[in-house]
Amino acid sequence: MRKNVIVLAMMTLAMISCTDTATLDIENDTSGYMYAVVDGDTSDYDAGDIVTTEWELASSIFSSETAEGNVDVWGFFVFKDQYSYSIDAGSSETITVTADGGAVGIENNSSSFYIDEVYISLSSSSSWGNNLVSYSIYPGETAYWTLSPGEWDIKVVDDWDDEFVNMGEIIFADELSIFGYTGFLKVVPGMGKVGIGNDSGQIESRGRSLSGK
């Protein structure tokens, strides 16, 4: 009889207290790199990568713990965004991040000129917006931005104060468009837009790279 009581007590304890895994999968469903922050830890993703985060949580027949929080994401074709998750012990959840932007690269493919200013604005805007670079783009460098899909105009100003434009460029989600300095049209009087100021287009900087890297 005593043995049966001990066994029953152990079974009851097992039902009351055990642990189980909560699983979060984050998938980069874009064609470029992406970053995600979970619980303060940043993971980098190549195109198509899936990164798994697991929590060991208390679970019983009566109740179970829940992993809750937010995931901050951004990437080459992804604007900064935040996702929420709530996962019970023994359950899993998948967050699939898709492209909501396209990317533009301004390449300084000259041998000696510097690009001192870059303006990118929606073609529907009457102004150029604000200068997007705080320091020059050197020969051999490419600077990148994520833009909302649509029709955009681009202007660069070199270290001789000459202005060059590409007008009416169509930017597609999940695609990179590279514009070389030597391929821009030099501005002549009456060409393009005038003035600077705030622009309604969504733009986020995505850093720089050197030619061949």
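The values are calculated or read from the model by the stated rules, or taken from the named source; none is laboratory data. Being a predicted model, the structure only gives us computed values, none of them experimental. Here Cβ is always computed from backbone atoms with ideal geometry, including for glycine, and neighbour counts include all displayed protein chains.
Name, by its number, the condition in (1) touching a residue at least 24 places away in the same chain (Cβ under 8 Å); (2) small (Gly, Ala, Ser); (3) in contact with a strand residue (DSSP E or B) (Cβ under 9 Å, 6 or more places away or on another chain) that does not hold for SER112.
Checking SER112 against (1) touching a residue at least 24 places away in the same chain (Cβ under 8 Å); (2) small (Gly, Ala, Ser); (3) in contact with a strand residue (DSSP E or B) (Cβ under 9 Å, 6 or more places away or on another chain), the one that fails is (3).
Where residues in segment 178-206 are among the β-branched types (Val, Ile, Thr) and at pLDDT 80 or above, which of them is surrounded by the most Cβ atoms within 10 Å (Cβ to Cβ)? Don't jump to the end; show me each part of the working.
At the first step, the residues of segment 178-206 found to be among the β-branched types (Val, Ile, Thr) are 178, 182, 187-188, 194, 196, 203.
Filter again for at pLDDT 80 or above, leaving 178, 182, 203.
Numbers: ILE178: 13, THR182: 11, ILE203: 20.
Only one residue fits best here, namely ILE203.
Go through segment 62-110 and report how many residues are part of a strand (DSSP E or B), of a type in the set (Gly, Ala, Ser) and under 19 Å from ASP39 (Cα atoms).
Going residue by residue through segment 62-110, those that are part of a strand (DSSP E or B) are 64, 66-75, 78-88, 92-98, 102-107.
Still in the running and of a type in the set (Gly, Ala, Ser): 64, 67, 69, 75, 84, 86, 92, 102-103, 105.
From what is left, the residues that are under 19 Å from ASP39 (Cα atoms) are 67, 69, 75, 84, 86, 92.
Within segment 62-110, residues that are part of a strand (DSSP E or B), of a type in the set (Gly, Ala, Ser) and under 19 Å from ASP39 (Cα atoms) number 6.
I'd like the residue in segment 42-67 that is free of Cβ contacts under 8 Å to residues at least 12 places away in the same chain and more than 12 Å from the chain's Cα centre (by Cα) and, out of all such residues, is surrounded by the most Cβ atoms within 10 Å (Cβ to Cβ).
Going residue by residue through segment 42-67, those that are free of Cβ contacts under 8 Å to residues at least 12 places away in the same chain are 42, 44, 63.
Retained after the next criterion (residues that are more than 12 Å from the chain's Cα centre (by Cα)): 42, 63.
Details: THR42: 9, SER63: 11.
Filtering first and then ranking leaves SER63.
Of everything in segment 154-188, what is under 17 Å from GLN202 (Cα atoms) and in a strand (DSSP E or B)? Give them in sequence order. Break it down stepwise before answering.
First, the residues of segment 154-188 that are under 17 Å from GLN202 (Cα atoms): 154-155, 168-177.
Within segment 154-188, ILE154, LYS155, GLY168, GLU169, ILE170, ILE171, LEU176, SER177 qualify.
Quick one: which residue in SER209, SER121 is under 23 Å from LYS80 (Cα atoms), at pLDDT below 95 and crowded, with 17+ Cβ neighbours inside 10 Å? Before the answer, list the steps.
Working: SER209 fails: crowded, with 17+ Cβ neighbours inside 10 Å.
The conditions single out SER121.
State which residue pairs qualify: first residue in the same structural domain as SER205 (by TED's automatic domain parsing) and inside segment 123-134, second residue surrounded by 15 or more Cβ atoms within 10 Å (Cβ to Cβ) and aliphatic (A, V, I, L, M) in any location, beta carbons under 6 Å apart, and separation of 6 or more residues or different chains.
LEU132/VAL118; VAL133/VAL118
Need pairs with beta-carbon distance below 8 Å; first residue without any contact (Cβ under 8 Å) to a residue 40 or more places away in the chain and within segment 157-168, second exposed (fewer than 12 other Cβ atoms within 10 Å of the Cβ) and not in a loop (DSSP other than H, G, I, E, B); sequence gap 6+ or separate chains.
Between residues of segment 157-168 that are without any contact (Cβ under 8 Å) to a residue 40 or more places away in the chain and residues that are exposed (fewer than 12 other Cβ atoms within 10 Å of the Cβ) and not in a loop (DSSP other than H, G, I, E, B), the close pairs are ASP162/LYS186; GLU163/LYS186; PHE164/LYS186; ASN166/GLY183.
For segment 14-62, what are the residues that are closer than 10 Å to ALA89 by Cα and of a type in the set (Val, Ile, Thr)?
Once the filter is applied, which keeps residues that are closer than 10 Å to ALA89 by Cα and of a type in the set (Val, Ile, Thr), segment 14-62 yields THR19, THR21, THR23.
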